[in-house]
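Working notes for the structure below.
Read the figures in this text as sums done on the coordinates, not as results from a lab. Remember, it's a predicted structure, so these values are computed and weren't measured experimentally. Here the Cβ positions follow ideal geometry from the backbone for every residue, glycine too, while neighbour counts run over all protein chains shown.
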Amino acid sequence: MTRFSAWSVFRNGLKGQRDWDRQWRDPEPRHEYDIVIVGGGLHGLATAYYLAKNHGLKNIAVVEKGWLGGGNGGRNTTIVRSNYFMPGNRQFYEHSLELWEDLSHELNYNVMFSQRSHISLLHSPAAMDAAARRYNTMRLTGSDGEIWDLNTLKANVPHLNYSADARFPIIGAAVQKRAGTARHDAVAWGYARAADSLGVDILQNCEVTGTTREDGRITALETSRGTIRAKKVGFAVAGNTTRLWQMAGFSTLPIESHKLQAFVSEPLKPLLDQVVVFGVGGAHFYISQSDKGGMVFGGDIDWYKSYAQRGNLPIVQDVAECAVSILPCLGRVRLLRHWSGVMDMSMDGSPFICKTPLSNLYLNAGWNYGGFKASPASGWYFADLIANDRPHQHIEHFTLDRFDRGINIDERGAGPDPKLHG
Amino acid sequence: MIRINCPFCGERDHSEFSYGGDGSIVYPSLDAPAEEWSAAVFQRENIRGMQTESWQHVNGCRQWLLVERDTMTHEIQSVRAAHDGVGKVLEKGQ
Amino acid sequence: MTAVRVEQGGVVDRQSEVSFTWDNRHYSGFAGDTLASALLANGESIIGRSFKYHRPRGIMSAGVEESGAIVTVGVSHRRDANVKATTQELFPGLIAHGQNAWPNVRHDLGAVNNLMGRFFSAGFYYKTFMGIPPFEWGRKGTGIWMQYEKLIRRAAGMGRASRDPDPDHYEHGHLFCDVLVVGSGPAGLAAAGKCAEQGLDVLLVEQDFEFGGDYLNHGGSDSIKKRNDAVDALQKAGARMMQRTTAFGLYDYGVAGLLQRVTDHLPNADPHLPRQRFLTVRARHTILATGALERHYAFGNNDVPGIMNAHAAVCYLNRFGVLGGERVVITTNNDSAYATASNLAQAGAQVKLLDSRRQVPDSVAGLLNTRGIELETGTTVLNAHGRKHIKSVETAISGGNHWRRGMDEECDLLLVSGGWSPVVNLLSHRGVRPVWDSNNCCFVPAETAEPVTTAGSSLGIWGNSDCEASGLVAADSAIASLGGQSVSVSMPATGGWETPLEPLYEVEIKGVTKKSFIDPQHDVTADDVRLAHQEGFVSVEHLKRYTPLGMATDQGKMGNIIGLALMAEALGREIPEVGTTTFRPPYTPVSIGALAGRAFGAHFKPLRRTPMHDWNLQHGATMVDAGLWQRPWYFAREGETITEAYIRETETTRTSVGLCDVTSLGKIAIQGPDATEFINRVYSNAFAKLPVGKARYGIMLRDDGIVMDDGTTWRFSETDYFMTTTTAHAAKVMVWLEELLQMRWPELRVHVTTVSEQWAGVAVAGPKSRDVLAACLAEPATVSAEALPFMGVVESTLANGAPCRIARISFSGEMAFEVYVGSDYANSLMDLLYPRAMQIGGCLYGTEALGALRIEKGHVTGAELDGRVSIDDAGLGKMASETKSYIGSALRKRPELQRTDRPRLVGIFPKDRSETFKAGSILCSPDEVEGLGEGWITAVTHSPELGHWIGLGFVSGGHEAWQGKVLVAADPVRRGNMYVEVVSPHMVDPTGERMHG
């Protein structure tokens, strides 16, 4: 594999780009693997990479029904942050952020992680106190976090709606400076290339159509590219979790599939240098500007369960109202595209990285719409779980039985209604 | 925009309604054991295809409705009042 | 640079000159021009610069697919970046500028990137900028990348948006129709006409400012007459017709999003008019007559200004009266360019037509002879020459399956036709994947079960009369689907050319490197596609993300098919096997302001005011947001700060009397024979035996056993209850009760009605509250200690005759009453209470004092009940009934929720009583001020009663576990650490003597 560097770019420039290799192979499926990860998205690819890298495992395949990174990894608003405060979530997301900080070097692939600050606007003293609890917890657990007053905010983010006539005047902000955005596709490609170079077989256009089970174990996966036997199997198929789960012989999960829309504007010269989040009066909105110049933004899910990757107008309108309310200069900026993805919405907004009733089947699911930022740690801990067959303490709450036990890791406090989390 | 044919008000945009959830869940009696409650509250079949779900015409007649809708296409097959008694009164009236 | 306005012809109004400014130069055009046609007529060639290499870009098309002439229109706060000059209607005083260039588009220093092009291949960003060059040294962190990122961001982007708030306003509208027809070309007009004739309610939308579509592009009066007749007929038939209106997206259930541009073409628009309207139309049937877009093909320097789509030249000539050049080379692989050649020659241009096909029937070639047009078959363009404008082309001659060099041919305009791509975008929004028509080498719409019919060239039908016929067929299908009688008309065949098109996507000769653009805006080249393939990015989605083909403001209208074709070739597969990318809405970019409409700024989320909102303001209230409500925060007297004010209000209430507007609480009437049973199931505490004339505090749980809401419920009769909820959860509780009654317990004979809007409420609190209230009642004895004991409720009458409801309940911990009157009497209630309260030294108080009073008492609110707290955590577990079952009773007993070391509600004192501390602090053991901590602080206040600051919070195990110990309230984000002590949450009058008294 050619190591990527300014030098290799220069050398290939002189040679008409002839020397670049495939970034990952396109192997034929083998009959059997030690570990098969179902789902060639960010979480699945990261899992395969860390299985090979951290645990020295060799005989691994990732099976993907379409093209790698083609799920929510390729259709999100690319925000990376660790401002979670519930026990379990806190350590997990902090570890993820730490992995992000060195990810480009680790993978030798520029994932363009831009630690440009994540700014949650505050509009009332009560909101400021609630934010302080969250950001104090972050600080006390080794992360960064700040509360900005209005003047600091104005100096850093000049074009927000600071008018006293605003429906919800801004009084300050909660800020995580180490947070930011990354180039989402590059993360998938970087993990794929790095995993591939460690010998992982990435099998695209390989859809799982069934499972074979014996004695409480999965022994083989039926796929569109033939039967693949496996000693251990991990599912990481956001949006398709229930379907796979049912193929594995189970029925229900604490998950519903909902769709989330995302939006990008025409490309503009730099207008907004940070990620800004606006949430008050029932509104929810987040925006940043991509390196190409498009304003990338989003809001709530479409409120009704759906497997269709198509959004509807009411949310488009809600999101536009938020956009113009918080950045009044966006009124004349034009929306270029909006699209949607299917989210695994869980009953408490937190994920699952856990063992299952089948002794060699592991589940990674329920990321709601926060899965992008989690992908490095998700892969790291899922690999750890699969390799060691026991959960690391940081993911001990990410189990399916937490609801029966009464463990509460609901960051929003919204209760057991999947559409209310995010 | 999904258009829901409210049996009380007629066809309206889904933005007048609020989505409840899986309408096929039968909640156990209040004194049922925790396991039964846990299954009803937390576990979902998460159907990919035609499912029965609840919607409330919250900005209309405020009636809860049971809607059969395809979660792949959003196509609606049927809409009826969730409350049988109210549904029957409606039928008689028509 | 030799484009000229011809003497006559076109549908522009030559009597009406329109002056405008381009890059600070003053020009004029005619009414009916686009900015592009006017610039062309004025000889402007370089209109834009490309994204990456900053190569000069001219006008490449005459429509929405434009990828070169992207400009900024307007100035200061009405500045619109990234406008396609080809769709911008000219108006007097229009000011446009070039963008993405410095100092200007004609001379752009950014063009230095072009020299580095060989290094800037697809995906090069991913391979470098990670560390210190050349070997990406430096292992930790993102610092080096972020330095690069700053430079990259500055170079990227296209136009610069205004930083000022948008001064214009926008409207939303809602429309219904039987048939929505999108597009007013030959097919659309025919379809709309027939539907309207049948009496259907037809809405026809056209994105252009003229109806007619391709009718406008044909010389002669026939075509215009056809257009005019069709438009007249439609108007007579009562069809609604909207020009300047784009159907930008198709959504579920026949709903389309329309953007109507109302004033974008007006010099001094009426300020009362919206700039644009976003219209949601619900159509029973939709006919898509959205046309087709001509595509180019890849050859060397195919982006030089002076190269445009062949049909665009016809449009500029016949519609706008602008001849794009004198020496014109047309290169084609299909028949459509022959009429173009003929038209241009007739207008006086010297035309040479290169057809890549080796055989062209005489009937087609014959068209040309009379006009002196040179035709070379088996020939195409290999390379374009010219830096700022095309000077000549180098041809290639077909040698069967390869090309060899031909000769040079001078020209000042090169027209390219590589075939046509039907506009399938809107159906793609519906998830309908188009299918490949190998005869016409284009994607055409697939069948759909939805009531959507496609017609005309968007089906791959090329001739205008065939398009008309297909419009009639589409009308039939619409009429049939709406239950009408339709006569079947025969469907014209797709295509319609005499000689089949011969696929041509790229012309190259092995060993010759050159830049052949596929996506001219983003500078994606044919080599980039091959590099993507070489590196394994073979899926279409990978291709577009890696290169970034099709992600520019034309959304892939120009280049997607060519990219697909080149990838197919690299893979040795057919195009349909490679796939097609899904087009996303909007079809053309839509301003965010239009989507937002009026609901932004002060009008973002309707403000809820209580009926005494103005009364409160008149009496000195400073308001605070509480959800969507505004409530009085405090009533400062002359010179008082908020702290001074709330401390005074708190003290006054504790010692005398205070009045507080509590109208925002939710109020629900619960009535019916089973009301008692219902309430008893909803609340966790016992309600079955609540006597008539009494109120009780109740806590309701969610299904999962966590606290949902609290409030009081008053019983007026056997069957009539009045429930209050918190302000925050009023709507949610109402929906919840309705759900329970309609979905879960249909057997209960209970009716619930929200009466939040009907009743205005005031808390009258303090030792003198009874005196004040009694003086305001028709029967003062109603509220005597005997008549109305603690938790008693009564219906009564105010001294002014207004009926009221009174409950003796207390949130403040003092003797207190809540008084409710019909909302219209709210001010009269205040006018009665206020003077009497003031007479005895009372006051008005706001939510800040309300907070102080309740914190002193340890009463919980939303700050504590945050959706994660159990009834036991809140210290109210003893209230929960152990003898009945209720919502949440089963799951409340889950093991983790029963742990005794869970954080429990406590009171907090500062260790040094003169100190303050803050809500949101984390409570930690002094020996371990790190980690997740032992608890947190939810609310703080100064307690006038205790003379120091106090707080509420949660600590593991509750206050019993921390008696006599010191904790650190850690607040690193604001004020650092403070030592605190943990006490019982009931800090003032713990036995409740005052409120019972």
Residues in region B:51-94 that a label on A:Glu207 would reach, taking backbone N under 19 Å of a point 7 Å out along Cα→Cβ: B:71-74
Hey, got the Cα dimensions of the protein assembly as shown along the principal axes, in Å, largest first? 113, 75, 65
Given +1 on the Cβ of Lys and Arg, -1 on the Cβ of Asp and Glu, and no further charges, what dipole in debye does region C:899-996 carry about its Cα centre, rounded to the nearest 20? 200 debye
What list of ³J(HN,Hα) values in whole Hz, one per residue of region A:6-22 in order, does the Karplus curve 6.51 cos²θ - 1.76 cosθ + 1.60 (θ = phi - 60°) give from phi, with Gly and Pro shown as x? 4, 5, 5, 5, 4, 5, 5, x, 5, 9, x, 6, 6, 8, 6, 7, 4
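What net charge do the residues around A:Trp20 carry, taking every other residue with its C-beta under 13 Å from that of A:Trp20, with Lys and Arg at +1 and Asp and Glu at -1?
Details: positive: A:Arg3, A:Arg11, A:Lys15, A:Arg18, A:Arg22, A:Arg193, C:Lys127, C:Arg530; negative: A:Asp19, A:Asp21, C:Asp527, C:Asp528, C:Glu535.
Every neighbour counted, the sum reads +3.
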Residues of region C:247-280 with amide nitrogen under 19 Å from the 7 Å Cα-to-Cβ point of C:Ser19? C:266-269
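Give the calculated FRET efficiency between A:Arg405 and C:Leu266 to the nearest 0.05, with a Förster radius of 51 Å applied to their Cβ-Cβ distance.
Numbers: r = 66 Å, r/R0 = 1.29.
In this case the efficiency is close to 0.20.
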Just grab the label-to-label distance for C:Lys388 and C:Ile132, each label 7 Å out from Cα along the Cβ direction, in nm (one decimal). 4.4 nm
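Over chain C, what per residue volume does the convex hull of the Cα atoms give, in whole Å³?
Numbers: hull volume 230.1 nm³, N = 997.
Here the figure is 231 Å³ per residue.
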Work out, in µm²/s and without decimals, the Stokes-Einstein translational diffusion coefficient of chain B at 4 °C, 1.567 mPa s, Rh from Kirkwood over C-alpha pairs. 91 µm²/s
Between 0 and 90°, nearest 10: helix A:184-197 axis offset from chain A longest Cα axis: 30 degrees
Which whole-Hz couplings ³J(HN,Hα) result when phi for each residue of region C:243-250 is put into the Karplus expression 6.51 cos²θ - 1.76 cosθ + 1.60, θ = phi - 60°, listed in order with x for Gly and Pro? 8, 6, 10, 9, 7, 8, x, 10
Residues with amide H under 5 Å from that of C:Lys391, placed H, sequence gap 5 or more: C:His385, C:Gly386
Which ³J(HN,Hα) values in Hz, rounded to whole numbers, follow from the phi angles of region A:91-100 under the Karplus curve 6.51 cos²θ - 1.76 cosθ + 1.60, where θ = phi - 60° and Gly and Pro get x? 5, 5, 6, 5, 4, 4, 4, 4, 5, 4
Cβ-Cβ FRET estimate between A:Arg217 and C:Arg899, R0 fixed at 35 Å, reported to 0.05: 0.50
Taking the 0 to 90 degree range and rounding to the nearest ten, how far is the long axis of helix C:186-197 tilted relative to the main principal axis of chain C, both from C-alpha atoms? 60 degrees
Give, rounded to the nearest 20 debye, the magnitude of the charge dipole that region C:298-417 has about its Cα centre when Lys and Arg contribute +1 at Cβ and Asp and Glu contribute -1 at Cβ. 160 debye
In percent, what relative contact order does chain A have, based on Cα pairs under 8 Å that are 6 or more apart in sequence? 22 percent
How far apart, in nm, are the 7 Å Cα→Cβ label points at A:Asn59 and C:Glu638? 9.1 nm
What residue among C:Leu323, A:Ala61, C:Leu426 has its Cα farthest toward the positive end of the dipole of the protein assembly as shown, where the charges are +1 on Lys, Arg and -1 on Asp, Glu, each on the Cβ? A:Ala61
Taking a ≥ b ≥ c as the square roots of the eigenvalues of the Cα gyration tensor of region C:899-996, is the shape rounded (a/c under 1.5), prolate (a/b larger than b/c) or oblate? oblate
Could you tell me which of A:Ala238, C:Ala347, A:His95 has its Cα farthest along the dipole of the protein assembly as shown towards the positive end, charges placed at Cβ (Lys, Arg +1; Asp, Glu -1), taken about the Cα centre? A:His95
Net charge, A:Lys232 excluded, C-beta distance under 10 Å - Lys, Arg +1, Asp, Glu -1: 0
Aspartates and glutamates within cross-link reach of B:Lys92: Cα-Cα under 16 Å, excluding same-chain residues under 8 positions apart? B:Asp84
Only counting other Cβ atoms within 10 Å, I'd like C:Val11, C:Val512 sorted with the fewest neighbours first. C:Val512, C:Val11
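Within the set of other residues whose C-beta is less than 9 Å from the C-beta of A:Leu203, count the net charge using Lys and Arg as +1 and Asp and Glu as -1.
Taking every Cβ under 9 Å from that of A:Leu203, the sum is -3.
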Which of A:Trp24, A:Phe285, A:Gly415 sits closest to the plus end of the dipole of chain A, meaning its Cα is farthest towards the positive end, when Lys and Arg get +1 and Asp and Glu get -1 on the C-beta? A:Trp24
How large is log10 of I(q)/I(0) for region A:14-92 at q = 0.16, 0.23 Å⁻¹ when the intensity is taken from the Debye formula with one equal scatterer per alpha-carbon? -0.84, -1.14
Can you sort A:Thr2, C:Thr246 so the residue with the fewest Cβ neighbours within 10 Å comes first? A:Thr2, C:Thr246
Taking amide H positions as placed in the peptide plane 1.01 Å from N, state which residues far from B:Gly21 in sequence (5 or more) or on other chains have amide H under 5 Å from it. B:Ser54
If the label point sits 7 Å along Cα→Cβ of B:Arg62, residues of region C:754-793 with amide N under 12 Å come out as C:754-758
Work out the FRET efficiency for C:Met407 and C:Ala111 from their Cβ-Cβ distance, taking R0 = 45 Å, and round it to the nearest 0.05. 0.95
Relative contact order for region C:1-161: what is it in percent, counting Cα pairs under 8 Å that are at least 6 residues apart? 21 percent
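Which whole number of Å³ per residue matches the convex hull of the alpha-carbon atoms in region C:689-818? The partial results should precede the final answer.
Numbers: hull volume 16.2 nm³, N = 130.
Dividing the Cα hull volume of region C:689-818 by its residue count gives 125 Å³.
Over region C:298-417, what lengths in whole Å, largest first, do the semi-axes of the equivalent ellipsoid take, defined as the square roots of 5 times the eigenvalues of the alpha-carbon gyration tensor? Don't jump to the answer; show the numbers that get you there.
On the way: eigenvalues 82, 68, 24 Å².
Equivalent-ellipsoid dimensions as semi-axes: 20, 19, 11 Å.
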Non-local amide H neighbours of C:Val105 (under 5 Å, H modeled in plane, Pro and chain starts lacking H): which ones? C:Gly98
Run the dipole for chain B about the Cα centre, Lys and Arg Cβ at +1, Asp and Glu Cβ at -1, nothing else charged, and hand back the magnitude in debye, nearest 20. 340 debye
Principal-axis tilt of helix C:221-236 within chain C, Cα atoms, nearest 10 degrees: 30 degrees
Within a 10 angstrom radius of the beta carbon, how do C:Val231, C:Val821 rank from fewest other beta carbons to most? C:Val231, C:Val821
